[in-house]
1. Can you give me the Cα centroid spacing of the range 76-92 and the range 104-124 in angstrom?
2. Quick test of your reading: applying the under-4.7 Å Cβ rule, which cysteines of the chain are isolated?
3. Across the range 150-211, how large is the tail of the calculated P(r) beyond 17 Å, expressed as a percent of all Cα pairs?
4. On the first, second and third principal axes, largest extent first, how far apart are the outermost C-alpha atoms of the range 113-197 in Å?
5. What three numbers, in Å, describe the spread of the alpha carbons of the range 76-123 along their principal axes, ordered from the longest?
6. Percent of accessible area on the range 66-211 owned by carbon and sulfur, 1.4 Å probe?
7. Among Gly76, Gly91, Gly173, which one moves the most in a GNM of the chain with springs linking Cα atoms closer than 10 Å?
8. When only alpha-carbon atoms count, how far does the range 34-107 stretch along each of its three principal axes, as whole angstroms with the largest first?
Amino acid sequence: MSEPHAEPDQYIYIVDDDEALRDSLVWMLESSGYAVAAFDSAESFLEAWRPDMAGCLVLDVRMPGMSGLELFEELGRRHCALPVIFITGHGDVPMAVSALKRGAVDFIEKPFNDAEMRRLVEQCLEQERSSRTRRRTEADIARRLEHLTQREREVLNLIVAGKLNKQIADVLGISIKTVEVHRARVMEKMGAHSLAELVQHVVAVEPVASR
């Protein structure tokens, strides 16, 4: 069995009202090296939920009170970034497929294979790591954009629009030398090492700027 690749702050959150299944899942995942937190209802998970939770959610479709699908929808309204794996009984497959269309990662039918569950968990953790890294990068780029002066921002917008230095100078009514100075400052403040990297940074957070 391969080693898990979870980061220290990544947890597998299990939400299932079936105590035996819940305990079995906790034991299997913890013995595989994962950090696990288990909840017996959707309501109890919502009480504990925080926007900064990292990892993934293993969620039973059918539970008393708030169902797994209702929890999934509520987490969507809260912009929860945790990837979701649904646990389903045979009759719940159509509901699970519907959830896939709304953003769930996958579903697994009871009784399920431990190796398949571990595979899905690893897939979710990798997806969540990548998503978190992308959000951090975009937040950093947004912060850098805020530190540009108005003139630097004007130059940047024209660079991203594909304008050459001479064209930028004509549009802004400044010298080419001044454009070069502003351009150098923009590159430095944005942490870009090439024109392509600069454009990629801006388009990542402001796609409209590329039009």
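The values are calculated or read from the model by the stated rules, or taken from the named source; none is laboratory data. Fair warning: this is a prediction, and the values are worked out from it, not measured in the lab. Methodologically, a virtual Cβ is constructed for each residue, glycine included, from the backbone with ideal geometry; neighbour enumeration extends over all protein chains shown. For the accessible areas, the whole protein counts, side chains as well, though only heavy atoms, and no ligand, DNA or RNA atoms are used. Shrake-Rupley method; radii C 1.70, N 1.55, O 1.52, S 1.80 Å.
1. Answer, in whole Å: 12.
2. When partners are defined as cysteine Cβ atoms under 4.7 Å apart, the chain leaves Cys80 without one.
3. Values: 593 of 1891 pairs.
Here the long-distance tail beyond 17 Å is 31 percent of all Cα pairs in the range 150-211.
4. On the principal axes, the range 113-197 reaches 68, 22, 17 Å in Cα extent.
5. Answer, in whole Å and largest first: 31, 26, 13 Å.
6. Working: 4350 of 8150 Å².
Whole-percent figure for carbon plus sulfur exposure: 53.
7. Gly173
8. 32, 27, 23
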